[in-house]
Each structure stands twice: as structure tokens, then as C-alpha cells.
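*Asks:* Mind having a look at this structure? Questions to follow.
All of the numbers you see were taken from the coordinates with simple rules; none came from a lab. Note that the structure is a prediction, hence the values are computed from the model and not measured. Positions of Cβ are generated from backbone atoms using ideal geometry, with glycine treated the same way; all protein chains shown enter the neighbour counts.
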Amino acid sequence: MEDLLHQITWPMLAIFAAIVVAPLLGGLLTGLDRKLTARMQGRFGPPILQPFFDFFKLIGKERITVNSTQTLYVLGALFFAVTSLVMLALGHDLLMLVFVLAFSNISLIMGAMSVRSPFSKIGAQREIIQMMAYEPVILLMVVGIYLVTKSFMIQDIFTYGSPLLYKLPLVFAAFLYILTIKLRKSPFDFSTSHHGHQELIKGLTIEFSGVQLALIELTHWYETVLLLCLVALFFAQPIWVGIIIALVAFVLEIIIDNICARTTWKFMLQLTWGFGIGAAITNIVWLYLAMGR
Amino acid sequence: MGLINKATIKSPWIVHFDCGSCNGCDIETLAVLTPMYDVERFGIINVGNPKHADVLVVTGCVNYRNARVLEQIYNQMSEPKAVVALGACGCTGGIFQECYNTLGGIDKVIPVDVYVPGCAPKPEAIIDGVVMALSKLAEKQENMGKSPVVANEKVRSL
């Protein structure tokens, strides 16, 4: 009976949490984001539940698609984001998770590329540049975690004796840095912006409307939760400390979003490759030398 | 009132089109977004994209050159949608009404739901106008699919 509980019930609960609880959490976090941003700008701000109102309104809108494949790409983005979160909840392979997450982003880029709007195309190209900037850092993060735990499995991070943060401080810093790009925050929100009437008239998402836009928003909620979970992984013993660190990182991102002006893609690429990859590689080399002794 | 209907009222996204206005009304429209009035507390966002928008706010009178643009923006918006005509020029053509190059108010080109008079209307009046448009929006949301209105029908050909 104990065995059954362990083998079926817990994974089921984990999958349920990943599929149902995560978007609710992501929506609430987005609402909190908007409220905090408004307060920082001296405004009252929308209610915390505003992202859900936006979501359900978009569901009820008339369905207009530019072409028939567009819907497939949006569903693809959502599917891969949910899959990677389920993989995380089940403690699967971290390397695989990173690739599945990249597929989610690529789906969105292909959706944006499939229409003829120049704004959409520029947004998609900038998104590709962003991926080019942050993907190496994410891969180096996985390599660093492997060097510490000797395994790609996420569950081994939990069974590993001490928090990863002690051995991977620079990798953690680099990951926090690219979190700004992944969450589409200023100064790196040039492919599409959360704020209305800004960069490229919404760039990447310009040609998506109604249900499709709602699904893109849902994908972003899943992604936000996933990324914050990855932040929490760095401090997995005990996990509640990791969750607090993830929430602090989220608030930090909101502050950065409000105090920074948008940069150009060249500056971002130089900075991410210079600082992000530099910090991560320094950490990994140090780890390698420390273990060689 | 269903969930989607309630959400429609709670989250009207606005696209603002300057249809040849003197900029007086535009400045008042943007004033509505400032911390002083902060319409985002009603869920109102000024989006730059008609495909994302629910309410079209138009300032200024229509002329022969931009009537087509206005019509295109209106047609690109997905149902349910509402139109707010802002200022004396938007409502009737204002002082440009009898000009040789203007058509008059924007209701000459697209159907208007709410008229907000004034030269320029106060920000409070603009917020009031958009809130009035919300009830229209909710009504349209409820009747969507019931009435035989064809999506993206051509409103008027010049």
C-alpha cells in the first residue's frame, strides 16, 4: 500500500499541480507584478486578478486567425511549456527539460514568422537573438549542476546533501541575469513587451488575437512558474527557503523592470555573452579544478 | 451574466486613433493614463494594436484621406468591439464640419457607440465615455453569435 502511494499517488499529485495549480499561481504572480509596477510608478494599479479577467475576455473574443498554421504554433508553445513543467514536477532530466522549453519558444517564433506583418517578423528575429543570448547560459547551468550532483535528474538535486547555491554561486547569478530576458522584463523586453503601446506594437504577438493571445499569456504563466522553480532548485534543502529565494528573485525582476530603460539587442548580446557565459564558465572551471584536487 | 461577460467589462483594451485631430483631445486621452487618473485600475490598457483592442477611441474629424485608414482599423478589431468618438470634431466634425476636404464626424464612416463632446473633453469625461462603452461591449458580448452580424463586414465603401 505504501509502495502504491509512492509510485502512483505522488506523481499524479505532482502532475496535477503542474497542470492546474501552476497557471493559477502564474496568473496571480503576473497580477502581483502589475500591481507592484503600478505602485512603483505612483499609480493605484489594477486588481490582482486582472490577468484572469484579461484571459477570460480574450477567450470570449471573436476568433480571427491570419493563417491556419498559426494556431498550431501557439498550441505547440503551450504544449511544450506544460510538458517541461510536468517534467520538472516529476523530477525528470534537467537537460531534456531545457530542450523542451526551447521548443516552446521556437514554436512561438515560428508562429510569429508565419505571418506577413513586419513588426511580427522583427519581433521574431529579436526573440531568436534573445534565445541565442540565453540558451548557452542555461546549458552551462545544467552542466554546472551535473558537475555537482553527477546526474542530470532533478530528483537527485533534492537528494544531494547541501544546496547547489554554495557550489554554483556564479552560475546562479548568471541564471538570475537571464531570468530578466526570459520573463520579458526591461531592459531586455525588445521582442515583445508586457506594457501596452510599447516596443514594436507588441512585436512577437502583434498578429495573435483572441484565444491565441490568451494561450500565449497562459504559456507565459507556465513559463514564469517553471523559471521560478528552477531558481528554487538552487536552494532545494529545505525547499521552502528555495521558494522564498524564488519569490525574492521575482520581486527583484519587477524592480529591475521599473528602473531600467530598454537596451539595444547588440548591447544585450555583448552583456549576456560577456557576463552571463563568463560567470558561468568561471564557476564551472573553479568547480572542475576544485574537484580535480 | 457569465464569467466571460464579466471579464469583458473588467478588461477593456483601448486603441486610440488620431483621425486628424488638433492634438488637444489626444493630450487629454493620454492624461487619462497618467498616475493622476490611472485608468489601469479599471483594467484599461492603451494598446497600439487594433487586433488586441476592444474599444476604439477616435479623436478628430474624418477627411477623405484617412477615412480608409479608420475603416481598416475598425475592421481589424475582433468582436465584441465598441467605438468612442472623442471631442467636438470626432462627434460632428466640429469647426471643420463644412470644410471641402472633410467628411464630418467619424459616424460618417464607422458606427459609433458613445459620443463624448467637448473641446477638448476633460479626462473625467473621457473615462466616463469609456465606462459607458463598457455596457455596450457587454451587450455585444452577450449577443455575439445570436445576431446575424457577419464578422469583419465591410462597413462602408468610399
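*Asks:* What's the local net charge at A:TRP221, with K and R +1, D and E -1, over the other residues with C-beta under 12 Å away?
*Replies:* Result for the local shell: -4.
*Asks:* From Cα pairs below 8 angstrom and at least 6 apart in sequence, can you work out the relative contact order of chain A, rounded to a whole percent?
*Replies:* 25
*Asks:* Counting other Cβ atoms within 10 Å, which chymotrypsin sites (Phe, Trp or Tyr not before Pro) in the stretch B:29-131 have at most 11 and lie in a DSSP loop?
*Replies:* B:TYR64, B:TYR100
*Asks:* To the nearest whole percent, what portion of all C-alpha pairs in the protein assembly as shown is separated by more than 35 angstrom?
*Replies:* Result for the distance tail: 36 percent.
*Asks:* Going by how many other Cβ atoms sit within 10 Å of their own, how do B:LYS6, B:LYS140, A:LYS185 line up, fewest first?
*Replies:* Fewest-to-most Cβ neighbours within 10 Å comes out as B:LYS6, B:LYS140, A:LYS185.
*Asks:* Report the net charge of residues surrounding B:THR34, where surrounding means a beta-carbon distance below 12 angstrom and charges are Lys +1, Arg +1, Asp -1, Glu -1.
*Replies:* -2
*Asks:* Note down the relative contact order for chain B as a percent, whole number, built from C-alpha pairs under 8 angstrom at least six residues apart.
*Replies:* Reported as a whole number, the value is 26 percent.
*Asks:* Using only Cα atoms, tell me the angle between helix A:68-89 and the longest principal axis of chain A; keep it within 0 to 90° and round to the nearest 10.
*Replies:* 30
*Asks:* Here's a follow-up. Fewest first, what order do B:MET36, A:MET113 take by the number of other Cβ atoms within 10 Å?
*Replies:* Values: B:MET36 10, A:MET113 17.
Least to most surrounded, the residues fall as B:MET36, A:MET113.
*Asks:* Based solely on its DSSP helices, what 222 nm [θ] is calculated for chain A when runs of n ≥ 4 H residues each add -39,500 (n - 2.57) and the sum is averaged over all residues, nearest 500 deg cm²/dmol? All intermediate terms of the calculation are to be shown ahead of the outcome.
*Replies:* On the way: 12 runs with 197 residues, N = 293.
Theoretical 222 nm ellipticity from helices: -22500 deg cm²/dmol.
*Asks:* Right, something else. Exposed loop sites here are GluC sites (Glu not before Pro) in DSSP loop states with at most 12 other C-beta atoms within 10 Å. What is the longest stretch of chain B lacking them?
*Replies:* B:1-97
*Asks:* Using a 4.7 Å cut-off between beta carbons, which cysteines in the protein assembly as shown end up with no partner cysteine at all?
*Replies:* Here A:CYS229, A:CYS260, B:CYS19, B:CYS22, B:CYS25, B:CYS91, B:CYS99, B:CYS119 come out as lacking a disulfide-compatible partner, given the Cβ-Cβ threshold of under 4.7 Å.
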